[in-house]
Amino acid sequence: MMKQLFYLFLGTMLMVSCVEETNPEFDQKSFTKIYDNNLFTTNYFPIDMVQTEDGGYLILGGRRLEDSNFTGIYLMKADKEGNFVSDVEVDESFVNPIAQLAFMNNTYQFFCMDPLTLQVQLAQTDANLEAVNIAPVNGALFYPCAARVDGNSFILLSYNHLDKQSVLAVLNTSGSITDSHAFTIGAGEEVEEPIINHFIRTGRQYPFEAGRIQGGLYYFNGFYNYTFSLVFTNLNQDEPNGVIQGIQDDGGLSALQPLSANTFATARFNFGDNYLLPRATLNPTGISSSVDLGGNTLPELEPNARIKILRASINEKNVLVYGSNTRSKQIGLYFYDEATGTFITSKYLGFSNPFEIAQVISTEDGGLAVCGTTYVAGRFPRICLIKLHPEDLEKVR
């Protein structure tokens, strides 16, 4: 079903900077857009975003459903200047969309699930949202949690509610499983409860992740043996190759970006506190605890903050961009030198209303784009898109 949205343009520059004169050409390169509508009960929120070949932006989002505990699927296209182009509310027979929204085989693909069978589905669409095609994956996979592209394959973390197992699988672009392995979460309903609450969005949203060290071990960030842990595996043996244990569901890693075989940009949470570790040495073949990693705490971040990590080249410098939510209801961007882990600078996005991050990506002009949620009048959630030109990031050197 297609539905026209009205968008509200709230200025092309953020309040964290000061502009003495207006340059129309520059205004097109940097903007803040909030996509408003006249339906107060409508609730859309972004999950992931990519820049399309025409310079525009494709946003994968969720939407509240009246007759289901699961999240519906919402897709939106904006042009290169952030102007609304089109959107799609996918039929309610498919729910629970997850990141990564990936460009594969000239289509944009993501995973979701059937709300009745709970089976994982693979969805495909085009840059203009002219069609959305969804089909079940070829295998018994349920409750998709997180996905990432690895060459011409998908790495998918899912949850098997029948056997109470976290399942890491490799799938080809047609949705067939080429390899997989399952790991127990532990016995008992209390162990499963936070996972189910995550899916029906009545509890904490956990930072599930899946991926692979380049050419090496696979990994997932999820529940294993009663604890939210980072698990490394070659998918060929019963026990993990390595585990970085959290503290049940109160501690663990909140984001992860491999830099080399054992060096990672990561972040962790521990009973509400947040720690950033731009260059952490992790042992993929041993057992350790996330608490032992230490890290730099940022009291300005909200408790158990959502954190995104992006490897980017800005102003000819390789940097790590940490994006998160602050206690002051802004989106904070924190820049680190990738080679040394040294802090460079920070930038804060948002004004007037609360802002929350969903994703940060590099753009074709060498800048950044941040997708998130803002609350109009402090109460109506709306998707927002913030574009930063390289000139906005002059301090990143």
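The values are calculated or read from the model by the stated rules, or taken from the named source; none is laboratory data. Note that the coordinates shown come from a computational prediction; the quantities given were computed from them, not determined experimentally. Counting neighbours? That spans all protein chains shown, and the Cβs are built from the backbone with ideal geometry, glycine included. For the accessible areas, the whole protein counts, side chains as well, though only heavy atoms, and no ligand, DNA or RNA atoms are used. Shrake-Rupley method; radii C 1.70, N 1.55, O 1.52, S 1.80 Å.
Answer with yes or no whether Glu316 is acidic (Asp, Glu) and at pLDDT 95 or above.
no
Of everything in the stretch 364-386, what is part of a strand (DSSP E or B), of a type outside the set (Phe, Trp, Tyr) and open to solvent by 10 Å² or more (accessible area, probe 1.4 Å)? Give them in sequence order.
Thr373, Val376, Pro381
Please enumerate the residues belonging to the stretch 153-165 that are open to solvent by 10 Å² or more (accessible area, probe 1.4 Å) and either part of a strand (DSSP E or B) or of a type in the set (D, E, K, R) (or both). Working first, answer last.
First, the residues of the stretch 153-165 that are open to solvent by 10 Å² or more (accessible area, probe 1.4 Å): 153, 160-165.
Within the stretch 153-165, Ser153, Asn160, Asp163, Lys164, Gln165 qualify.
Quick one: in the stretch 55-84, which of the residues that are at pLDDT 95 or above and acidic (Asp, Glu) is nearest to Thr125 (Cα to Cα)?
It comes out as Asp79.
I'm trying to understand the selection: among the residues of the stretch 387-397, which are crowded, with 16+ Cβ neighbours inside 10 Å and not in a strand (DSSP E or B)?
Across the stretch 387-397, the qualifying residues are His389, Pro390, Asp392, Leu393, Val396.
Looking at (1) open to solvent by 40 Å² or more (accessible area, probe 1.4 Å); (2) at pLDDT below 95; (3) closer than 25 Å to Leu217 by Cα, which one does Gly294 not meet, given that it meets all the others?
Result: Gly294 passes all but (1).
Just the residues that are over 14 Å from Leu168 (Cβ atoms), touching a residue at least 24 places away in the same chain (Cβ under 8 Å) and open to solvent by 30 Å² or more (accessible area, probe 1.4 Å), please, taken from the stretch 223-259.
Asn225, Tyr226, Gln245, Ile247, Asp249, Gln257, Leu259
Keeping to the stretch 354-363, report how many residues are surrounded by 18 or more Cβ atoms within 10 Å (Cβ to Cβ) and polar (S, T, N, Q).
Number of matching residues: 2.
Quick one: count up the residues across the stretch 173-222 that are assigned to a strand (DSSP E or B) and loosely packed, with under 14 Cβ neighbours inside 10 Å.
2
Only one residue in Tyr348, Tyr336, Tyr322 is open to solvent by 30 Å² or more (accessible area, probe 1.4 Å), aromatic (Phe, Trp, Tyr) and touching a strand residue (DSSP E or B) at 6+ places or on another chain (Cβ under 9 Å). Which one?
Testing whether each residue is open to solvent by 30 Å² or more (accessible area, probe 1.4 Å), aromatic (Phe, Trp, Tyr) and touching a strand residue (DSSP E or B) at 6+ places or on another chain (Cβ under 9 Å) leaves just Tyr348.
Among the residues of the stretch 90-115, count how many are open to solvent by less than 20 Å² (accessible area, probe 1.4 Å) and either out of contact with any Pro (no Cβ under 7 Å at 6 or more places or on another chain) or free of Cβ contacts under 8 Å to residues at least 24 places away in the same chain (or both).
7
Select, from Arg327, Arg306, the only residue that is open to solvent by 30 Å² or more (accessible area, probe 1.4 Å), of a type outside the set (Ser, Thr, Tyr) and more than 18 Å from Asp48 (Cβ to Cβ).
Just a single option satisfies the conditions, and that option is Arg327.
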